[in-house]
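Since every read-out is calculated from the coordinates, none of them should be taken as a lab result. Note that the coordinates shown come from a computational prediction; the quantities given were computed from them, not determined experimentally. Note: ideal-geometry Cβ built from the backbone for every residue, glycine included; neighbour counts use all protein chains shown.
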Amino acid sequence: MVATDLFRYYDNNPDFYQRNQDFFRPINKGLGVFTGHDAFTVETDRLQRASFTVDGNFNILTREFNPELAHIKAGPLYFDVLFAGAGVIFSDFNGELPGTDLDQNDDGWAAFVEVGVRGLLRLSDSIYLSVAANLIYLPMENELAFRLGNSANPGLLFRFNLNEQLGEWEILFFDEFLGRSGLDVFVDADSPGVDRAGRYYFGFLSDRSNDFYSSNQAFFVNTVGFRASRPLFDNQWRFGSGIEHSDYWTSFSFDDHGTRDFLELFMQYEGSTIPFAPRFSYQYVSNDGYRSLLHQLELQLTGRLTENLNWLGAAGYAFRTGDAPETNDFIWRFELDHTITRSTRHYLAVGQGYQYNEFQADTRRSTYGRYGIDQRITSRFNIDAFVQYAENETSVNNRFPIRDRFGAGMIMTYLPLDFTAIRAMALYDQVDQSTTTDDSARWLYRVEVNQQFSHRLTGNVFYQYEEMNSDVNPFTEHFFGVSMRRYF
């Protein structure tokens, strides 16, 4: 067999990075920890069942780049034009904008022309320092705004695992440290500029901080834990236990300290005879150094009712001991996922239980319910709808107020042509809070058309109406916009 075609020629001569592998290999391993989907794990012969893992996240480091596709190349430097676009919006806003520094009559028109670019510096044979920038011109204000980077908030995880097998017991000891900084390394590199229309604007504000990310905010969690389990009754059941202690800090100075202690005992079915696998569990949680304990006993059943119907059910009892006020709660949850036909799927999730904050030593009780349906009318017409409710009681440490929230919505998507999408959306959101006056009821209606004109050219046109009934800053707003973007 003979094949003929035009094939690309590859130069077999090693490049600079390949000729200096001994120098760049440690750099590649060290910085690779901070790229996506990579982690560094150490295992030794002395502790054959032990491992130490370092996993980081810093989005200015990447392996996902092909230097041969760069628009400009200059040695180890590469430059790309990512996109170019333009758009205009109009707002008919009636109400009061939040913040005393905003022009309360600033509705009407706003427009922009923008270019997105990216610069990369090659640090090793496969790792690049990547920084994206957005340059935007505001013709109605005759201002030029610039933003460098996008939420470059570094994170780091250290984890030590020690696994042992003692007879039939499987034992795990671990220590995990997780850090997430709110510091944005490019926060001082912006050149702000804004053209506002109602509640919306083009451009960049001078302050990037919010409730979670700010230059002084950081979240650190260190968890030490021990888990053990073993099979029972001819390997049909498994008995297990676990105990954990977590320390939380929310600043770089490590002075805002909280703790959480957790213990669990469980017995679960792992055989194939019982159709709905049961799981019995007891656990306690303490957020104040064992001065008070939240105890929970629960029975969980899960399985498949039919080929297209899956369910999970759980019920139990929760109570507090110690310094906390005495409470006795019935905890439960029920989840159902049903594929009725190839065109119809719906799901239900309801329950009452306790939720734990990932980055703070806090626990609160929540009652919730959600129902949703996904209905495909034709191959080009789809309807998604949902309704949900949540009642969040005050947290154990009283960090958050009691809040009730109800929401419902529907999204219809129609594809009249292969590269044309029309979407209509209606949403309702109601929030009631016991300790503030910021109760609200919000309606949002939106219709938009997305059109792909070519492989890399897209356009969007939309109309949106929003009505907010609130004790603070009520408003109504008609909002219209048109934009186009060309990707490179």
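So here's what we get for this one:
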quantity	calculated
Gain upon complete extension [residue 423, residue 366; 0.36 nm per residue less C-alpha separation]	17.2 nm
Karplus 3J(HN,Hα) series, Hz, for segment 425-432 with 6.51 cos²θ - 1.76 cosθ + 1.60 (x for Gly, Pro)	9, 9, 10, 10, 9, 10, 10, 10
Overall Cα dimensions of segment 333-488, principal axis frame, Å, largest first	55, 42, 31
Sites residue 13 and residue 488 - FRET efficiency at Förster radius 30 Å, r taken between beta-carbons, to 0.05	0.50
Per-residue HN-Hα couplings for segment 323-337 [Karplus 6.51, -1.76, 1.60; θ = phi - 60°; Hz; x = Gly/Pro]	6, 5, x, 5, 9, 9, 10, 8, 10, 6, 7, 9, 10, 9, 10
Debye, to nearest 20: dipole size of the chain, +1 on Lys, Arg Cβ, -1 on Asp, Glu Cβ	1520
Gain in span if fully extended, residue 251 to residue 480, counting 0.36 nm per residue against the direct Cα distance	78.3 nm
Percent RCO, i.e. relative contact order, over segment 23-152, from Cα pairs under 8 Å lying at least 6 residues apart	22
R0 of 45 Å, Cβ-Cβ distance residue 82-residue 404: FRET efficiency to nearest 0.05	0.55
Label-point separation in nm, residue 173 to residue 450, each point 7 Å along Cα→Cβ	5.2
Net charge contributed by nearby residues that have their C-beta within less than 11 Å of residue 293 (K/R +1, D/E -1)	-1
Sites residue 66 and residue 274 - FRET efficiency at Förster radius 60 Å, r taken between beta-carbons, to 0.05	0.70
MRE, 222 nm, helices only [DSSP H, n ≥ 4, -39500 (n - 2.57), over the chain, to nearest 500]	-1000 deg cm²/dmol
Net lengthening on full extension, residue 38/residue 443 (0.36 nm per residue, minus Cα-Cα)	141.5 nm
Charge sum, other residues only, whose C-beta stays under 10 Å from residue 36's C-beta, Lys/Arg counted +1 and Asp/Glu -1	-1
Relative pair counts by distance (%), Cα atoms of segment 225-346, 10 Å bins	11, 28, 29, 20, 10, 1
Distance in nm between pseudo-label sites at residue 205 and residue 414 (7 Å out along the Cβ direction from Cα)	3.7
Relative contact order of segment 301-417, defined on C-alpha pairs under 8 angstrom at six or more residues apart (%)	16
Relative contact order (%) - criterion: Cα under 8 Å, at least six apart; region: the chain	9
Whole-number D in µm² s⁻¹ for the chain, Kirkwood Cα-pair radius fed into Stokes-Einstein, 4 °C, 1.567 mPa s	46
